[in-house]
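Laboratory data are not the source of any read-out in this text; all were calculated from the coordinates shown. Here the structure is a predicted model, which is why all the values come from computation and not from measurement. Methodologically, a virtual Cβ is constructed for each residue, glycine included, from the backbone with ideal geometry; neighbour enumeration extends over all protein chains shown.
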Amino acid sequence: MTDYVSVFQYENNVGISFDVEAEKPFHVGEQMNAAHEMAYMNGYNWAALLDWYLAQREPALLEGLEHDPEAGSYAGYYLLSPENEAKAAKVVELIRALVENEAEACRLVREHGDEIEWD
């Protein structure tokens, strides 16, 4: 099990915490950057990739999702509710799938990088 991405609760929010500088996501980010020069995978560009990726695959997950990226991390928030807890868990699954499937992540940025609004 990986520990670079998780769901957490804070006050009236359910959040997604993603350490983009952890070993595995950092390595994948380097490979994504090699596949597309704008894909420098800091927290801001992970937010940009998630916006595009979710719009393509799971647009309902964008409803109510607020991003709070930084250079070395990505956080996303929904208002706390059972529905949004399920959404946050699904976003975590999708992030984990991208990081764990380096070839697919690189293919996405190579083939669709010009469609993504990079930071």
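Ranking ASN45, ALA103, PRO25 by Cα position along the charge dipole of the chain, where only Lys, Arg, Asp and Glu carry charges on their C-beta atoms, puts ALA103 farthest toward the positive end. Here the label points at ALA103 and GLU37, each 7 Å from Cα along the C-beta direction, are separated by 2.8 nm in the simple model. Taking the C-alpha atoms only, the angle from helix 43-57 to the longest principal axis of the chain is near 80 degrees.
With a cut-off of 12 Å between beta carbons, the residues surrounding GLY29 carry a summed charge of -4, where Lys and Arg count +1 and Asp and Glu -1.
The angle separating the long axis of helix 23-35 from the principal Cα axis of greatest extent in the chain is about 50 degrees. Taking a sphere under 9 Å around the Cβ of ALA47 and counting the other residues whose Cβ falls inside, with K and R at +1 and D and E at -1, yields a net charge of -3.
With the highest mean first, a sort of the peptides 21-29, 62-70 on other beta-carbon atoms found within 10 angstrom per residue produces 21-29, 62-70.
Net charge dipole, the chain: roughly 280 debye, given to the nearest 20, about the Cα centre with Cβ charges of +1 for Lys and Arg and -1 for Asp and Glu.
Helix 82-100 and the longest principal axis of the Cα set of the chain meet at an angle near 20°. Taken over the chain, the convex hull of the Cα atoms encloses 90 Å³ per residue. Using a Debye calculation, one point per C-alpha and no hydration shell, please list log10 I(q)/I(0) for the stretch 52-116 at q = 0.13, 0.16, 0.27 Å⁻¹ in order. Relative scattering, expressed as log10 I(q)/I(0), comes to -0.40, -0.61, -1.32. A cut-off of 5 Å between modelled amide H atoms, ignoring neighbours fewer than 5 places along the same chain, links LEU80 with ASN13, VAL14.
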